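To keep things clear, I will list the structure first and then write my remarks on it.
The values are calculated or read from the model by the stated rules, or taken from the named source; none is laboratory data. Because the structure is predicted, anything quoted here is derived from the model rather than measured. No Cβ is skipped: glycine too gets one built from the backbone with ideal geometry, and neighbour counts run over all protein chains shown.
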Amino acid sequence: MKKILVTLVITTMIFGFTGCGTFAGYGPGSHSSQVTLEDGNFTVVQSGVEASATVTVLFPALGALGIPGGPAGLPLGDAALYQRAMDQLRGQIKDNSNVGLVNLTVDERLKHFAVIGWKTLTITADVVKFK
């Protein structure tokens with residue numbers, strides 16, 4: 001009985017510390033701005049700007065089994081892939097005054113071999129400059 005109780009407590013703690021509170025969702029969240037794109041009020045200054053961020057993960061199949069750790073396993077580094085890729089993308093903008101990102105796409109790729117994997121997030125966007 002004691003063994004079952006200890007197992008239950010440990011399982012509850014694992015689920016509690018690795019559940020929804022650790023979700024690393026992508027996207028800007030609730031921060032957004034609205035700009036009206038009309039003919040003549042902007043110019044495309046860069047097209048197809050791309051940036052990526054990668055993290056190594058252990059047990060990449062955990063999510064498929066319904067075990068906490070997400071669909072890409074347990075990260076062995078900075079798992080803030082969206083933030084790192086966006087920082088890299090912003091660094092590639094040649095003139096960042098009065099510009100915006102449009103046609104933003106986010107692609108996620110997971111490569112794995114046995115118990116180790118690599119999760120890569122790639123962001124692609126066009127840069128427009130407002131007049």
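Quick look at the numbers
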{"read-out": "Residue within segment 50-72 that is farther than 20 Å from D87 by Cβ, touching a Phe, Trp or Tyr at 6+ places or on another chain (Cβ under 8 Å) and at pLDDT 65 or above present", "value": "yes"}
{"read-out": "Residue in segment 104-131 that is farthest from the chain's Cα centre (by Cα), counting only those that are in a strand (DSSP E or B) and surrounded by fewer than 13 Cβ atoms within 10 Å (Cβ to Cβ)", "value": "F130"}
{"read-out": "Identity of the residue in segment 80-97, under 28 Å from T43 (Cβ atoms) and among the small types (G, A, S), that ends up farthest from the chain's Cα centre (by Cα)", "value": "S97"}
{"read-out": "Whichever residue in segment 1-49 is in a loop (DSSP other than H, G, I, E, B) and more than 24 Å from N96 (Cβ to Cβ) and, among such residues, is modelled with the lowest pLDDT", "value": "F23"}
{"read-out": "Pair list, Cβ under 8 Å, 6 or more apart: segment 83-104 residue free of Cβ contacts under 8 Å to residues at least 40 places away in the same chain and within 23 Å of K131 (Cβ to Cβ), other residue of a type in the set (S, T, N, Q) and surrounded by 13 or more Cβ atoms within 10 Å (Cβ to Cβ)", "value": "N103/T124; L104/T124"}
{"read-out": "Residues being buried (at least 16 other Cβ atoms within 10 Å of the Cβ) and either in contact with an Asp or Glu (Cβ under 6 Å, 6 or more places away or on another chain) or in a loop (DSSP other than H, G, I, E, B) (or both) - total across segment 81-97", "value": "1"}
{"read-out": "Sole exception among (1) modelled with pLDDT under 90; (2) outside any strand (DSSP E or B); (3) more than 16 Å from the chain's Cα centre (by Cα) for G100, by number", "value": "(2)"}
